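Data block below; observations after.
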Amino acid sequence: MSEERNTETNDILTGSMLKNILFFVWPIMLANILQISFHFADTIVIGNYASQQGLAAVGTTGPITVFFMWGLNGLSMGANVLVSRMIGAKKHDQLKQAVFTSVLIGFVFGFCISLIGVVFAEVMLRLLGTPSDIMADATLYLRIYFLCGVAFGVFDFCSSILRANGDTSHPTLYLAIGGAMNVLLNLLFVVVFRMNVAGVALATLISQYSSAFLSFRRLLKEESMIHLDLNMKNYDPELMKQVLRYGIPSALQNQMFSFSNMIVQSSINSFGSTFVAANTASNAIEEYVYVFVDAFPLASLTFTSQLYGAGEYKRIRKMLVMNFVMCGVGAFLIGLIILMNGTSLMSMVADDPEVIRMGLIRLRYVTFFLFLNGLLDVIVNGIRGIGLANLPTIITLFGVCGFRALYIYTYFRLNHTPEVLYSCFPLSWALTLIVQSVIWFISYRRLLNEGQ
């Protein structure tokens, strides 16, 4: 039966490049808007119907959950690169094995993360210096949240496969369904049943598994060559190595960002639970910039990989410049709008004047400069798409993680203020962006010379 599958795929390389990029990113941007809006609504519910300690407890777990879940998301980029290249190179006969192997990797790694997280939740929180008055709530929330590991793994890998084939609408739909469920369940568990942080975590658990189930089901019913055939005979160790070879550097980069954020979070915790709550509230507003910061780097990776697989090297530069400009301009404008309306936005998620005042500091020093993060990711994914997986990861290790650690343990220790602490974000993004841009230019010129 599998031999009769439709061999057609969504061709994103023919026609207008600008039109194809916009067609590719708009569902991702819509998904980001919906997901962020749902998270923003969650923050409003927690901040107004739970407690300030509950808001701080959920916020202080952020760097830990992001460290592991971003790792999974980065690992799934390996599936995106592999499937995109196979589609670009017309290697449809290997797609069945690539799809099954990729989804299996997502399941296994997700399960391992769940196990680690549940067992070591309290240990990780103590390492971050979590304030004692929110430790119990933070530990409970984190343990329930880590049960989502399998859901995140399956959803990320299934979505990466769908997006590699040019299908960004279905992952968007499934995120929207899961996000809507999350908000409704939060209202039920927190407002009606008064379950506080346990209710927030349980709502996340149910909604994430719903999104994972829908994406998994989509691949099972897919009629194209990315159909998921649940047969262990489709497992291919060599393809697994390729997914990991492409995915591990991306996962490590995501985790480096997250690890550096853990160092920052431990410094944030040093200012007390009120400042932690303010950071959580402002971070929920900040996420709207990621509408652009997430979408265009993913387009950069997918288009570069397909162009590389098809041998169309000369079109890569044009594509990357388009993504670079649209990502930078869009993220800058959203950051500016947020900055100009900071007080009003903060008042929606917190009623404590001190929390609002402290939250505005992050909006000025981090949120406004997030466009630099987006530009950096566009360039890094462009480098990965042409076959250099390890080099951008090493540069990010020193440029982001290394710089922030050095900055916090030297300059911040001498100038212990929130403004000084938050400044490490734009400085690390700008430094790494300059270096990665030089690497991309050199690598691309070499690629063109080899292709002649």
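Condition first: outside any helix (DSSP H, G or I) and farther than 30 Å from residue 304 by Cβ. Now tell me which residues in the range 162-202 satisfy that. Quick ask: steps written out before the conclusion?
Filtering the range 162-202 down to residues outside any helix (DSSP H, G or I) leaves 165-168, 193-195.
Of everything in the range 162-202, those that are outside any helix (DSSP H, G or I) and farther than 30 Å from residue 304 by Cβ turn out to be 193, 194, 195.
Just the residues that are crowded, with 23+ Cβ neighbours inside 10 Å, among the hydroxyl-bearing types (Ser, Thr, Tyr) and in contact (Cβ under 8 Å) with a residue 40 or more places away in the chain, please, taken from the range 197-228.
204, 211, 215
If you go through the range 276-291 one residue at a time, do you hit one that is among the β-branched types (Val, Ile, Thr), under 19 Å from the mean Cα position of the chain (by Cα), surrounded by 21 or more Cβ atoms within 10 Å (Cβ to Cβ) and modelled with pLDDT under 85?
The initial filter retains those residues of the range 276-291 that are among the β-branched types (Val, Ile, Thr), namely 276, 280, 285, 289, 291.
With under 19 Å from the mean Cα position of the chain (by Cα) added as a condition, the list becomes 280, 285, 289, 291.
Next, from what is left, pick out any that are surrounded by 21 or more Cβ atoms within 10 Å (Cβ to Cβ): 280, 285, 289, 291.
Now drop any that are not modelled with pLDDT under 85, which leaves 280, 291.
Yes; the residues of the range 276-291 include at least one that is among the β-branched types (Val, Ile, Thr), under 19 Å from the mean Cα position of the chain (by Cα), surrounded by 21 or more Cβ atoms within 10 Å (Cβ to Cβ) and modelled with pLDDT under 85.
Would you call residue 74 at pLDDT 85 or above and either touching a Cys at 6+ places or on another chain (Cβ under 8 Å) or closer than 29 Å to residue 108 by Cβ (or both)? Full working, then the answer.
Details: at pLDDT 85 or above: yes; either touching a Cys at 6+ places or on another chain (Cβ under 8 Å) or closer than 29 Å to residue 108 by Cβ (or both): yes.
Against the criterion (at pLDDT 85 or above and either touching a Cys at 6+ places or on another chain (Cβ under 8 Å) or closer than 29 Å to residue 108 by Cβ (or both)), residue 74 qualifies.
Quick one: count up the residues across the range 82-138 that are in a helix (DSSP H, G or I), more than 25 Å from residue 53 (Cβ to Cβ) and hydrophobic (A, V, I, L, M, F, W, C).
Just the residues of the range 82-138 that are in a helix (DSSP H, G or I), to begin with: 82-88, 92-127, 132-138.
Now restrict to residues that are more than 25 Å from residue 53 (Cβ to Cβ): 82-88, 92-116.
Pick out the ones that are also hydrophobic (A, V, I, L, M, F, W, C) and you get 82-83, 86-87, 95, 98-100, 103-105, 107-109, 111-113, 115-116.
Residues flagged as in a helix (DSSP H, G or I), more than 25 Å from residue 53 (Cβ to Cβ) and hydrophobic (A, V, I, L, M, F, W, C) within the range 82-138 amount to 19.
Just for the range 18-71: of the residues that are outside any helix (DSSP H, G or I) and modelled with pLDDT under 80, which one is farthest from residue 208 (Cα to Cα)? Walk me through how you get there before you give the answer.
As a first pass, look at the range 18-71 and keep what is outside any helix (DSSP H, G or I): 50-51, 61.
Subset that is modelled with pLDDT under 80: 50-51.
Details: 50: 22, 51: 24 Å.
The qualifying residue farthest from residue 208 (Cα to Cα) is 51.
Considering only residues that are among the polar types (S, T, N, Q), modelled with pLDDT of 90 or more and not in a helix (DSSP H, G or I), which ones fall in the range 396-452?
Step one: filter the range 396-452 for residues among the polar types (S, T, N, Q), giving 396, 410, 415, 417, 423, 428, 432, 436-437, 443, 449, 452.
Next cut, modelled with pLDDT of 90 or more only: 410, 415, 417, 423, 428, 432, 436-437, 443.
Hits for the range 396-452 are 415, 417, 423.
Suppose we filter the range 133-160 for residues that are among the β-branched types (Val, Ile, Thr), within 24 Å of residue 98 (Cα to Cα) and modelled with pLDDT under 95; how many remain? I'd like the intermediate steps shown before the answer.
Taking the range 133-160 first, the residues among the β-branched types (Val, Ile, Thr) are 134, 139, 144, 150, 154.
Now drop any that are not within 24 Å of residue 98 (Cα to Cα), which leaves 150, 154.
Filter again for modelled with pLDDT under 95, leaving none.
Number satisfying all stated conditions: 0.
Any residue in the range 229-252 that is touching a residue at least 40 places away in the same chain (Cβ under 8 Å) sitting within a Cβ distance under 8 Å of a residue that is of a type in the set (Lys, Arg) and part of a helix (DSSP H, G or I)? List the pairs, counting only those 6 or more apart or interchain.
Close Cβ pairs satisfying both conditions: 229/96; 234/96; 246/384; 249/384; 250/384.
Within the range 296-322, restricting attention to residues that are of a type in the set (Gly, Ala, Ser) and either in contact with a strand residue (DSSP E or B) (Cβ under 6 Å, 6 or more places away or on another chain) or closer than 10 Å to residue 382 by Cα (or both), which residue is surrounded by the most Cβ atoms within 10 Å (Cβ to Cβ)?
Pass one, the range 296-322, residues of a type in the set (Gly, Ala, Ser): 299-300, 305, 309-311.
Now drop any that are not either in contact with a strand residue (DSSP E or B) (Cβ under 6 Å, 6 or more places away or on another chain) or closer than 10 Å to residue 382 by Cα (or both), which leaves 299-300, 305.
Details: 299: 27, 300: 27, 305: 29.
It comes out as 305.
What do you reckon, is residue 345 out of contact with any Ser or Thr (no Cβ under 6 Å at 6 or more places or on another chain) and under 18 Å from residue 321 (Cα atoms)? Walk me through how you get there before you give the answer.
Details: out of contact with any Ser or Thr (no Cβ under 6 Å at 6 or more places or on another chain): yes; under 18 Å from residue 321 (Cα atoms): no.
No: the conditions fail for residue 345.
Residues that are within 28 Å of residue 87 (Cβ to Cβ): list the helices (runs of 4 or more DSSP H) wholly contained in the range 285-362 that include at least 2 such residues. I'd like the intermediate steps shown before the answer.
On the way: elements: 290-310, 314-340, 342-349.
Per the criteria, 290-310, 314-340.
All but one of (1) of a type outside the set (Lys, Arg); (2) surrounded by fewer than 20 Cβ atoms within 10 Å (Cβ to Cβ); (3) touching a helix residue (DSSP H, G or I) at 6+ places or on another chain (Cβ under 9 Å) hold for residue 425, so report the exception by its number.
(2)
Within the range 404-415, count every residue that is crowded, with 18+ Cβ neighbours inside 10 Å and of a type outside the set (A, V, I, L, M). Walk me through it before giving the result.
Let us first name the residues in the range 404-415 that are crowded, with 18+ Cβ neighbours inside 10 Å, namely 404, 407-408, 412.
Narrowing further to those that are of a type outside the set (A, V, I, L, M): 404, 407, 412.
Adding up the residues that qualify gives 3.
Out of (1) under 21 Å from residue 419 (Cα atoms); (2) outside any helix (DSSP H, G or I), what's the single condition that is false for residue 373?
Result: residue 373 passes all but (2).
Cβ-Cβ under 8 Å, sequence separation 6+ or interchain: first residue in the range 117-138 and under 16 Å from residue 277 (Cα atoms) and of a type outside the set (A, V, I, L, M, F, W, C), partner modelled with pLDDT of 90 or more and in a helix (DSSP H, G or I). Which pairs?
Listed pairs, sorted by first residue: 130/138.
Evaluate the range 379-399: report whether one residue or more is out of contact with any strand residue (DSSP E or B) (no Cβ under 8 Å at 6 or more places or on another chain), over 30 Å from residue 306 (Cα atoms) and either in contact (Cβ under 8 Å) with a residue 40 or more places away in the chain or crowded, with 16+ Cβ neighbours inside 10 Å (or both).
no
Cβ-Cβ under 7 Å, sequence separation 6+ or interchain: first residue in the range 349-363 and under 17 Å from residue 44 (Cβ atoms), partner not in a helix (DSSP H, G or I). Which pairs?
As it stands, the answer is 356/350; 359/350, since those pairs meet every condition given.
Would you pick out the residues in the range 213-235 that are at pLDDT 95 or above and among the charged types (D, E, K, R)?
Result: 217, 218.
Would you mind telling me which numbered condition in (1) within 30 Å of residue 435 (Cα to Cα); (2) buried (at least 23 other Cβ atoms within 10 Å of the Cβ); (3) of a type outside the set (Gly, Ala, Ser) residue 349 fails?
Going through the list (1) within 30 Å of residue 435 (Cα to Cα); (2) buried (at least 23 other Cβ atoms within 10 Å of the Cβ); (3) of a type outside the set (Gly, Ala, Ser), residue 349 breaks only (1).
If you check 76, 132, which single one turns out to be small (Gly, Ala, Ser) and under 21 Å from residue 253 (Cα atoms)? So that I can check it myself, show each step before the final result.
Working: 132 fails: under 21 Å from residue 253 (Cα atoms).
Going through 76, 132 in turn, the sole match is 76.
Which one is modelled with the highest pLDDT among residues in the range 330-368 that are more than 26 Å from the chain's Cα centre (by Cα) and small (Gly, Ala, Ser)?
The selected residue is 344.
The values are calculated or read from the model by the stated rules, or taken from the named source; none is laboratory data. Quick caveat, the model's predicted, so the values are computed rather than measured. All Cβ positions, even for glycine, are placed from backbone atoms using ideal geometry, and neighbour counts span all protein chains on display.
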